[in-house]
Amino acid sequence: MNVSDRTEYALAVVGVALCALTARVGGSTQRACPGVDGAVYEAVGVDPRGVRLLGVELPSLALSWYDGCNWRTNSLVPLALGCLCLLAAVVIRRRGA
């Protein structure tokens, strides 16, 4: 395994990790969810029946959404960096082929 292969795999792993981190970076309201919805919310972290996208703010690279119980704002910076890492891995793969 040469250096470009290791770099490609490292960039791919970092890219996927950063993309996944997007869901965790940000803030939310802390409202308690009552009843059955509360049990689902505690198990999964969102109420699947109530998820709604409220808006994407490109100047601040933020995503606003409702998770069925709380309003959340997440940064899109990790997603953008993750996509750049994945793109760099693809470029390295194409140049090596």
*Highest-MSF residue in the chain out of Ala80, Ala43, Ala17 [GNM, Cα springs under 10 Å]*: Ala43
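Multiply the residue gap between Leu53 and Leu21 by 0.36 nm, knock off their C-alpha separation, and tell me the result in nm, one decimal place. If you can, show how the numbers build up before the last one.
Numbers: separation 32, 0.36 × 32 = 11.52 nm, distance 1.80 nm.
Fully extending the segment from Leu53 to Leu21 adds 9.7 nm.
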*To the nearest 10 degrees, how steeply does helix 3-21 sit against the main Cα axis of the chain, on a 0 to 90 scale?*
10
*Along Cα→Cβ, 7 Å out, is where each label goes; now give me the distance between the ones at Val13 and Arg93 in nm to one decimal.*
1.6
_Spatial extent of segment 46-91: Rg and Dmax, with the Cα atoms as the point set, Å_ = 13.5, 41
*Taking the chain as a whole, which cysteines find no other cysteine Cβ under 4.7 angstrom from their Cβ?*
Cys19, Cys83, Cys85
_Taking 8 Å as the Cα distance limit and 6 or more residues as the minimum spacing, I'd like the relative contact order of the chain as a percentage._
39
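Taken together, the values in this text are just the output of simple stated rules run on the coordinates, not laboratory data. This structure is a prediction, so every number in the text was calculated from the model and none was measured. Please note: Cβ atoms are built from the backbone with ideal geometry, for glycine as well, and neighbour counts cover all protein chains shown.
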